[in-house]
Each structure stands twice: as C-alpha cells, then as structure tokens.
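Values quoted throughout were computed directly from the atomic coordinates according to the rules given, and no laboratory measurement underlies them. Here the structure is a predicted model, which means the values were calculated and not measured. Here the Cβ is made from the backbone with ideal geometry for all residues, glycine too, and neighbour counts use every protein chain on show.
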Amino acid sequence: MSQKLQEIMTTNVATVSPQQSVAEVAQIMSRHNIGSVPVVENGRCVGMITDRDITLRVTAQGQNPANTPVQSVMSTDLVTGNSQMDVHDAASLMARHQIRRLPVVDNGKLSGIVALGDFAVQNIYQDEAGQALSSISEPASPQQM
C-alpha cells in the first residue's frame with residue numbers, strides 16, 4: 001500500500017505575502033529555524049523564498065532587506081505536489097527538479113509542505129530520499145579551476 005503526501009506533509013506552514021519585506025522573512029526563518037518560506041497571496045502559493053535567495057539577490061546586491069519586497073526576489077517557477085500524490089512520485093519529482101522542499105497544493109491553495117527529511121524519517125523511503133539528495137547535491141556542471 002502506497003503512502004500519500006498528506007500522511008507525511010507538514011500542514012502548519014509559516015508563510016509570507018509578496019508585499020512583506022525580506023527582513024520580515026529573515027525573522028520568520030530565524031524564529032522557526034527554517035531556510036525557505038512559501039509566498040502566499042489569497043491562499044494561493046505564488047512563490048518561494050529561501051535563505052539563498054536573500055543572500056544572493058538581496059545582501060550580495062547591496063539591497064536593504066528592510067525595504068526590499070519579497071516579490072522582487074522570490075522564485076516563481078514552482079514545482080508543486082498535491083496531498084494525494086504518492087510519496088515515491090514526490091521524491092522522484094524532487095530529485096528530477098533538484099529541490100529539497102515541495103509545496104503541497106490542493107485546489108490551487110497551499111495545504112502543506114514536504115521536505116526531503118520527511119521522506120528520510122520513513123524507513124521505506126530512505127532509498128528515494130538518498131537518491132533525491134544525491135541528485136540535488138550534484139553540481140550542475142564540472143567545476144573548473
């Protein structure tokens with residue numbers, strides 16, 4: 001019997017709106033000890049913002065996080081799953097797209113999020129989680145020195 005994402009996903013998800021400041025997102029990340037936050041507008045997941053987005057698109061560019069809106073630095077090319085998706089399919093999807101967190105969307109609304117660690121907790125999914133992580137961790141191309 002296959003397990004569905006709804007059985008392992010986190011449903012109490014910290015979210016931000018596109019209009020909030022990057023500084024507010026950083027505070028939420030710090031408070032919840034997380035590295036990415038779904039961006040939600042009217043219940044719809046319109047993007048994701050990660051600690052990496054903040055570092056590369058705000059800090060490294062010399063922008064002020066207090067007056068930089070989330071929508072100007074969030075990722076919008078989202079890969080999502082749904083709560084009825086098989087966990088094996090979700091792990092494969094995450095590996096294929098090299099993502100560590102998968103927003104779970106039902107009827108256009110964010111209903112949860114699944115992280116690679118959620119698969120690893122389930123013993124029967126350690127192989128998929130390991131494969132997904134190794135795919136995600138591979139460099140996109142050989143590093144030239």
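Quick notes
- Among the residues listed as Arg44, Arg52, Arg100, Arg57, the single one being under 20 Å from Asp118 (Cα atoms) and surrounded by fewer than 20 Cβ atoms within 10 Å (Cβ to Cβ): Arg100
- Scan of segment 25-37 for residues that are buried (at least 17 other Cβ atoms within 10 Å of the Cβ), touching a strand residue (DSSP E or B) at 6+ places or on another chain (Cβ under 9 Å) and assigned to a helix (DSSP H, G or I), ordered by number: Val25, Met29
- Here Ala91 passes the criteria (1) out of contact with any Ser or Thr (no Cβ under 8 Å at 6 or more places or on another chain); (2) among the aliphatic types (A, V, I, L, M); (3) outside any loop (DSSP other than H, G, I, E, B); (4) farther than 15 Å from Asp118 by Cα except the one numbered (4).
- Which listed residue is under 24 Å from Ala120 (Cβ atoms), under 12 Å from the mean Cα position of the chain (by Cα) and free of Cβ contacts under 8 Å to residues at least 60 places away in the same chain, from Ala91, Ala14: Ala14
- Meets criteria (within 13 Å of Val104 (Cβ to Cβ) and either in a helix (DSSP H, G or I) or over 15 Å from the mean Cα position of the chain (by Cα) (or both)) for Gln84: yes
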